[in-house]
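Only one structure is covered here, and it is reproduced in the block below.
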Amino acid sequence: MAEKKVAKSADEWRRELSSEQFEVLRGKGTERPFTGKYDHFGGEGTFLCAGCGAELFSSKAKFDFGSGWPSFWEPARDDSVTEKRDSSHGMERTEALCSRCDGHLGHIFPDGPDPTGLRYCINSVSLEFAEGKKAD
Ligand code: FE
């Protein structure tokens with residue numbers, strides 16, 4: 001079931017988010033690789049959207065790709081993450097957005113492991129970790 005959308009003005013987001021979160025989630029920025037708090041992180045639980053708290057990824061789907069950003073092979077639910085074509089920066093990529101608040105999370109690449117073959121390459125700054133919280 002689709003969750004209720006969260007829509008806020010840029011000013012509201014700017015007040016609620018850190019400058020780093022605002023730059024990535026609302027400005028489609030990218031944190032520098034190997035700097036994010038969840039790049040090398042092995043906690044068991046659920047990764048939530050740092051903007052709206054929606055459940056985005058289970059730690060069970062996290063793997064180390066060596067890219068410098070946390071990587072997941074599937075979202076917590078089929079409708080957790082919205083995909084959008086992104087032709088910026090001279091590349092054809094698939095952008096990953098939080099389905100609830102449209103916050104920018106990162107990109108999806110077709111070079112992930114089984115069973116999906118996908119790699120959700122996500123900025124740590126777009127995530128908050130909830131220990132032990134079960135994604136369902
Ligand atoms: Fe969100």
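The values are calculated or read from the model by the stated rules, or taken from the named source; none is laboratory data. Quantities reported herein were computed from a predicted structural model and do not represent experimental measurements. Using ideal geometry, Cβ is built from the backbone for each residue, glycine included, and neighbour counts are taken over all protein chains shown.
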Task: Cβ-Cβ under 6 Å pairs, at least 6 apart or on other chains, the stretch 57-70 side in a strand (DSSP E or B) and crowded, with 18+ Cβ neighbours inside 10 Å, far side at pLDDT below 95 and not acidic (Asp, Glu) - done: Ser58/Ala135
Open item on the list: Going through His107, His89, His40 one at a time, which residue ends up being more than 16 Å from the ligand (Cβ to nearest atom), within 10 Å of the chain's Cα centre (by Cα) and without any contact (Cβ under 8 Å) to a residue 60 or more places away in the chain?
Closed with: His107
- [ ] Looking only at the stretch 56-68, decide whether some residue is within 15 Å of the ligand (Cβ to nearest atom) and either over 18 Å from Gly27 (Cβ atoms) or touching a Leu at 6+ places or on another chain (Cβ under 9 Å) (or both).
- [x] yes
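Step by step: first the residues of the stretch 1-37, then only those that are of a type in the set (Lys, Arg) and within 11 Å of the ligand (Cβ to nearest atom), then the one that is farthest from the chain's Cα centre (by Cα). Which residue is that? Write out each step before concluding.
Let us first name the residues in the stretch 1-37 that are of a type in the set (Lys, Arg), namely 4-5, 8, 14-15, 26, 28, 32, 37.
Those still in the list that are within 11 Å of the ligand (Cβ to nearest atom) too: 5, 8, 26.
Working: Lys5: 17, Lys8: 19, Arg26: 12 Å.
Once the filter is applied, the top-ranked residue is Lys8.
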Open item on the list: If Pro75 meets every condition in (1) more than 16 Å from the ligand (Cβ to nearest atom); (2) of a type outside the set (S, T, N, Q); (3) crowded, with 22+ Cβ neighbours inside 10 Å; (4) in a loop (DSSP other than H, G, I, E, B) apart from one, which number is that one?
Closed with: (1)
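Is it the case, given these coordinates, that Glu74 is touching a Cys at 6+ places or on another chain (Cβ under 8 Å) and of a type in the set (Asp, Glu)?
Values: touching a Cys at 6+ places or on another chain (Cβ under 8 Å): no; of a type in the set (Asp, Glu): yes.
No; evaluated as a whole, the condition is false for this residue.
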